[in-house]
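Engineer: I'd like to ask you about the structure that follows.
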Amino acid sequence: MRIREKVTRIAQEFAEGKINRAQFQELFAHYQREQRTIETWLSVDPDSDAWKDALAEGKSLIIRNRYKAQVKGLAIYLNRTGMPLAHIGSFNLDPDLVIPMLSSLRSATEEMFGSAIRASHIEGGGWLGFIGGQHTTLLALYSAEPAKQQLMRLEELHRVFEKANQRHFEGSTIDPRELVYTQQVVLRGTHQG
């Protein structure tokens, strides 16, 4: 595939929310380096095919994986009380800091973005994804900025979580051990804590 086509493809993927900003920037820089390498080889020896060896096939896949946001942990909070319902994976944000943010984030996110999904950069280089639901709010701790499609997938899992556990949310008390946690599929090898 020609480099211009690759650049056009990653621009489209970023616009569609398939890759995050870091993935786009690193892939773009990679393709620019490839372009310069080809131009140098062709200026030195235009009749040679040696420039083909200089292209790093497969390197873009490595870049995509290296800069993809990984979910480190999840926390689910009840909307009616603001109290934590469950932590899944490694969610190391202090609940005393998170609980006061929830109500203001819910209303601000819906007002500002027209959606109950948002991601924000947090101290320490991570990102916090915020997904509001009818009964609960899901916070996802990411290693890097998540792509829009990653957030949308987590929102879908959270909607299924609320639907599957509807009867529990309608009761007066909720036993977190009786709930099914659809969101945990985004974590590998983790358990509810």
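Engineer: Can you list the trypsin sites (Lys or Arg not before Pro) in the stretch 1-40 that are in a DSSP coil and have 13 or fewer other beta carbons within 10 angstrom?
Structural biologist: Arg2
Engineer: Sticking with this one: In terms of Cα to Cα distance under 26 Å, which lysines are near enough to Lys148, apart from those fewer than 8 places away along the same chain?
Structural biologist: Lys6, Lys18, Lys59, Lys68, Lys72, Lys163
Readers should treat all values here as calculations from the given coordinates under stated rules, not as data from a laboratory. These numbers come from a predicted model, not from an experiment. Cβ sites come from the backbone with ideal geometry, for glycine too, and all protein chains shown count toward neighbours.
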